[in-house]
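Accompanying notes for the structure given below.
The values are calculated or read from the model by the stated rules, or taken from the named source; none is laboratory data. Model, not experiment: these values are computed from the prediction. Neighbour counts run over all protein chains shown; Cβ positions are idealised from the backbone, glycine included.
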Amino acid sequence: MSDALDQERPVASARELFLVLAGMLSLAFGYYQFWHLPRSQELASLRTQLFESKKKLESDLAVINSLNQVSQADQVIEKADQKLEQVREMNSNFANIVRELSGGDTPDLFQIRNLAVKSEDRFADYSRVLFNMEIEAPFLSVGQFLERLEKSDLLTEVIQIDITRLEKEMKRCTIKLALYSYVARQ
């Protein structure tokens, strides 16, 4: 039987083989031209877009980081300005309180020559500000001032007093005071 089947099957002619080969080549060309090439071009385009997006993202992140650094620097400067303004305000308020305590209505008796902030540091829940004061007054007025300062609502600590006589009778003298004023932190 196998001999009979072999005889019935015709051998492919060269023309048929050529047509099969041409059909396979045209299918391969069609696959390449209409499916593979557009997909590879699309992938290449997506790769390029991804690369450009990555570059843009990196540059945007660099800009954001530089802006954050500038913003942080501005915040530090702003905090420093606020702190300086707060010290100036405390200095001004302290000067007004000291003027009131001294009985500043009579400048002939009690004169504040200088009032300056020397330093500031943190102490428990307070900011501790060191003030240096220079006063010219009669000795008794200085005693009254220190007594009023002690009885006032100010939280202060006198750490140094230097008294120098202006006249031989000791009616007037210059007093250099160094004192801490404590202000609640905000």
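For the stretch 138-164, give me the residue count where each residue is more than 19 Å from Phe123 (Cβ to Cβ) and not in a helix (DSSP H, G or I). Number of matching residues: 6.
For the stretch 1-36, residues that are at pLDDT below 75 and part of a helix (DSSP H, G or I) total 7.
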